[in-house]
1. Round to the nearest 10 and report in Å² the accessible area of PHE301, as given by a 1.4 Å probe over the protein chains' heavy atoms.
2. Which of the peptides 43-56, 325-338 is most tightly packed, and how do the rest follow, judged by the mean count of other Cβ atoms within 10 Å per residue?
3. Could you derive backbone 3J(HN,Hα) for the stretch 132-138 from the dihedral phi with the Karplus parameters 6.51, -1.76 and 1.60 (θ = phi - 60°), listing whole Hz in sequence and x where the residue is Gly or Pro?
4. Each label point is 7 Å from the Cα along the Cα-to-Cβ direction; what then is the distance between the points at ALA39 and ALA249, in nm?
5. What does the highest-first list of 234-244, 522-532 look like by mean Cβ count within 10 Å?
6. Going by amide H atoms built from the backbone, whose H comes under 5 Å of the H on ASP81, apart from near neighbours?
7. Between rounded, prolate and oblate, where does the stretch 88-129 land on the alpha carbon gyration tensor, with a ≥ b ≥ c its root eigenvalues, rounded for a/c under 1.5, else prolate if a/b exceeds b/c?
8. HN-Hα J couplings of the stretch 216-223 from phi, Karplus 6.51/-1.76/1.60, θ = phi - 60°, integer Hz, Gly and Pro as x?
Amino acid sequence: MLSAGFARPWNAAAVVVAAVLVAPLAALVANVFVPGGDAWRHLAETVLPDYIANSVALVVLVGAGTGVVGVATAWLVARFDFPGRAALEWALLLPLAMPAYVMAYVYTDLLQFAGPIQSGLRSLFGWAAGDYWFPDIRSLGGAALLMVAVLYPYVYLLTRATFASQSPSLTEAGRTLGLSPGQTFFRVSLPLARPAIAAGIALACMETLADYGTVAYFGVPTFTTGILRTWMSLGEPVSAAKLSVMLLAFAGVLLVAERAARRQARFHEAALARRRPRVQLFGARAWLAGLACALPVALGFLVPAGLLASLSLDVGDAQFGMRFAALAANSLTLAAITAALAVLVALTLAYGARLSRSRFAAGVNRLAMLGYAVPGAVIAVGVLIPAARVDHAIASLLQRLTGEDPGLLLTGSIVALVYAYLIRFLAVALQSVDAGLAKITPAMEEASRSLGQGPGLTLWRVHVPLLRPSLVTAALLVFVDVMKELPATLVMRPFNFDTLAVQAFNLAADERLAEASTASLAIVAVGLGPLIIASRRLVRGEAVT
């Protein structure tokens, strides 16, 4: 272990960074003790029960749906050979490039009364309005289905690796005990994969809690819609903060449940256990397996991407041109700045923890990663409340000194928006950088120190070149996440500073779905490249570093 003096500056920097990132969440919790007044009492008596019921229902439905789809596709791909399996193995990750709110716009256009499916049915059977029943996609059930379609890859990705690595000796033991293939799956393979399944479902559920665009467009009142409505429409920051803390508690319960499931399900396999060869399927079984894996890809990516491309080419955004270029530039600028800062901060935290190798440093890093479990709307409120107080304090001071009111300096600025993004997505960068550092031998620091190099020069001359793939991956992942982020952007963006995500949401809210297709397609296209590269690397067994 290195001397304390060698690591102390990096530990101090890590503590400062973690404190800055956690401050907005602490500001939210502090508002729990502030009297809510009549506005909070009215919310609690009228809409709060709906927020709780709908949020819980969405989490339950999405958790169950992603579990079924993710586990089924992971089992088929990991254990069987069938036509198209090699392509489907990586294509099953593609729906992650499709934001849930974009899916909402696409399937509304496809399934609404004037859409091509209902119009085709009326033309084919001669039906008129009121002659038939058709499910309403703009409902809580419809929102849950669309979220399942884009979030099941979290479960698929983690569970596929677990199924593929399970030793065949375990299932063979089950067979010798008289278990059928189905019983072996449910009593042996599935319990072994429970920690991975729990982790994937927890990620999907947290994304569900964080969603705003889908539920807002479908008119489903949840905590996220309530937070933004209370803040932006009612002008009640204290009530919005109380709703945010309740949503934060929901996310905390999910995290605790996921960790409890993993602690209670520790299974170990022999390191040299032979891997199970895939079973070749023939005939109807092979085609059914291929169809079962192709259907989620089609519904979660191919159909919406194709419809977006068609609408964009046929109608597109009426403001396409300089206005669209400005929106794209805004999105790209925010994403690039946040990605660069996230990589820099992640490198500082990860390297500081590596130097000290202490529980304290590891705890600081976990504290800094809390933001990933917090919805964007919650972070936005947490940032704006202290930012507004700082703004007013600065304005009062400058007005006394200069006699002029400078206005708001932080609130509604790009600085505050990037700060919120950094809190939300730092964990993505930190995990990638941490994984990359773990592959570098610890002897590097000792050798560098023996040559008279400090930690800064060691990092720059030794680690950064070796970490280049990890740093690029971290930057790409954060970049894509920022491009898709909606609720924090809606609340915190500067005046007259829209992004592609905001443009798509505003057009869709005005029922201009065809025009929203251009911005939506641009968001999907940006996320597609990194996702394809990452998914194919994972399939080939390479580390995404």
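The values are calculated or read from the model by the stated rules, or taken from the named source; none is laboratory data. These numbers come from a predicted model, not from an experiment. Reconstructed Cβ throughout: ideal geometry from the backbone, glycine too, with neighbour counts over all protein chains shown. For the accessible areas, the whole protein counts, side chains as well, though only heavy atoms, and no ligand, DNA or RNA atoms are used. Shrake-Rupley method; radii C 1.70, N 1.55, O 1.52, S 1.80 Å.
1. For PHE301, the solvent-accessible surface is approximately 20 Å².
2. Descending packing order for the listed peptides: 325-338, 43-56.
3. Each residue of the stretch 132-138 in turn: 8, 10, 9, x, 8, 5, 7 Hz.
4. Calculated label separation equals 2.1 nm.
5. 234-244, 522-532
6. VAL279, GLN280, LEU281
7. oblate
8. 5, 5, 7, x, 9, x, 10, 4
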